[in-house]
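Peer 1: One structure follows; several queries about it will come next.
The values are calculated or read from the model by the stated rules, or taken from the named source; none is laboratory data. This is a predicted model, so every value here is computed, not measured. Cβ: placed from backbone, ideal geometry, glycine included. Neighbour counts: every protein chain shown. Areas reflect the complete protein model, heavy atoms only, side chains present, ligands, DNA and RNA absent. Shrake-Rupley method; radii C 1.70, N 1.55, O 1.52, S 1.80 Å.
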Amino acid sequence: MTNPSPVEGAPVPIYQVQLPLSKQVLTFVADLIRAHLKAIGSRWRKLPPGRQALLVLAHLRHDQRLADLAGANGVSKSTLRRWVLEVIGLLAARAPRLDRALAKVARKGGEVVLLDGTLVRTRRRTGRQDRPNYSGKHKAHGLLFLALTDERGNLIWISPARPGRSSEITAARHDKITAHLREAGLGAIGDLGFVGLDDDPDNPVIVTGRKAARNRPLTAAGKEANRLVSRERAANEHGFADLKAWRVLAKVRMDAKHGTALLRALLVLTRLQVTR
């Protein structure tokens, strides 16, 4: 049975969805917008800061299309896109730097952080931008990010975005993670992708599992060591799950140049929403 055609001139029904976010998150984003408007001397906008925050969060959390959200709220798609990028920039500016994030963990008595990487999928690019963003490991186009979590799986830091073809260990070397860990007096647990990252084997700060070679299979002790490392790293997957609950990351359709700001903005929102 098909739905009857709408009467010409009658309002089109608008569906509603629940936004599974705390009031603290909505208030925080609205206050950011309000302070920004005051700082730039903007005296009027189409919608008040609270409504702007609600629309931006709906887009980030549910990946609602901008045209749909804009049309239902009496603003243009370009205006809503501008608001989204504005809020992303305001939030990203509040993301912690690596050295400060590690120092905070150390002050709280932490000893170990968990290190891992993830690919955030993007649209396929054209021309010269196509190949760098293609990950042979995942057989998809995307951006590579590294993330650190504490032992409970709370996200504490996210790296800059890199092309999908980049390797995790190379990205970690560019970010000088081992040097920052030594400076903070912390260790890190990583997967097999970070084997060889530590530049001081006599005083390692990166703990990884063990790799088997063609002529050197893993011993029973090596397999047990890998199981122990995997068990300790399980909390890191919870952190990535919290981050990817923002469905805008299912496939990033905005320009890849906004990737770093987007992930850091979502880091700030995730830390507000989830604390273990």
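Peer 1: Can you name every residue in the range 176-197 that is assigned to a loop (DSSP other than H, G, I, E, B), open to solvent by 20 Å² or more (accessible area, probe 1.4 Å) and under 21 Å from ALA235 (Cβ atoms)?
Peer 2: Correct list: GLY185, ASP191, VAL195.
Peer 1: Name the pairs whose Cβ atoms lie under 7 Å apart, with the first residue in the range 169-187 and more than 12 Å from ALA101 (Cα to Cα), the second open to solvent by less than 30 Å² (accessible area, probe 1.4 Å) and in a helix (DSSP H, G or I), and 6 or more positions between them or separate chains?
Peer 2: Close Cβ pairs (under 7 Å, with a partner that is open to solvent by less than 30 Å² (accessible area, probe 1.4 Å) and in a helix (DSSP H, G or I)) amount to ILE169/PHE194; ALA172/PHE194; ASP175/LEU98; GLY187/LEU181.
Peer 1: Quick check, is LYS244 open to solvent by 50 Å² or more (accessible area, probe 1.4 Å) and at pLDDT below 90?
Peer 2: no
Peer 1: Give the residue, chosen from ARG231, ARG210, that is touching a Gly at 6+ places or on another chain (Cβ under 8 Å) and either open to solvent by 70 Å² or more (accessible area, probe 1.4 Å) or aromatic (Phe, Trp, Tyr) (or both).
Peer 2: Sole residue among the options that is touching a Gly at 6+ places or on another chain (Cβ under 8 Å) and either open to solvent by 70 Å² or more (accessible area, probe 1.4 Å) or aromatic (Phe, Trp, Tyr) (or both): ARG210.
Peer 1: Here's another thing I want to ask about it. Any residue at all in the range 23-33 that's more than 17 Å from the chain's Cα centre (by Cα), among the β-branched types (Val, Ile, Thr) and open to solvent by 50 Å² or more (accessible area, probe 1.4 Å)?
Peer 2: Yes, the range 23-33 contains at least one residue that is more than 17 Å from the chain's Cα centre (by Cα), among the β-branched types (Val, Ile, Thr) and open to solvent by 50 Å² or more (accessible area, probe 1.4 Å).
Peer 1: Using beta carbons and a limit of 7 Å, which pairs, at least six apart or on different chains, have the first residue in the range 57-74 and closer than 18 Å to THR270 by Cα and the second one assigned to a loop (DSSP other than H, G, I, E, B) and open to solvent by less than 50 Å² (accessible area, probe 1.4 Å)?
Peer 2: Within 7 Å, the pairs are LEU57/LEU19; LEU57/LEU21; ALA58/LEU19; ALA58/GLN64; LEU60/TRP246; ARG61/LEU19; ARG61/LEU21; ARG61/TRP246.
Peer 1: Being surrounded by 11 or more Cβ atoms within 10 Å (Cβ to Cβ), in a helix (DSSP H, G or I) and free of Cβ contacts under 8 Å to residues at least 60 places away in the same chain: is that true of GLY239 here?
Peer 2: no
Peer 1: Would you check if there is a residue in the range 250-257 being open to solvent by 70 Å² or more (accessible area, probe 1.4 Å), at pLDDT below 85, closer than 28 Å to ALA95 by Cβ and acidic (Asp, Glu)? Quick ask: steps written out before the conclusion?
Peer 2: Filtering the range 250-257 down to residues open to solvent by 70 Å² or more (accessible area, probe 1.4 Å) leaves 250-251, 253, 255, 257.
Those still in the list that are at pLDDT below 85 too: 255.
Restricting the remaining residues to those that are closer than 28 Å to ALA95 by Cβ gives 255.
Still in the running and acidic (Asp, Glu): 255.
Yes, that holds for at least one residue.
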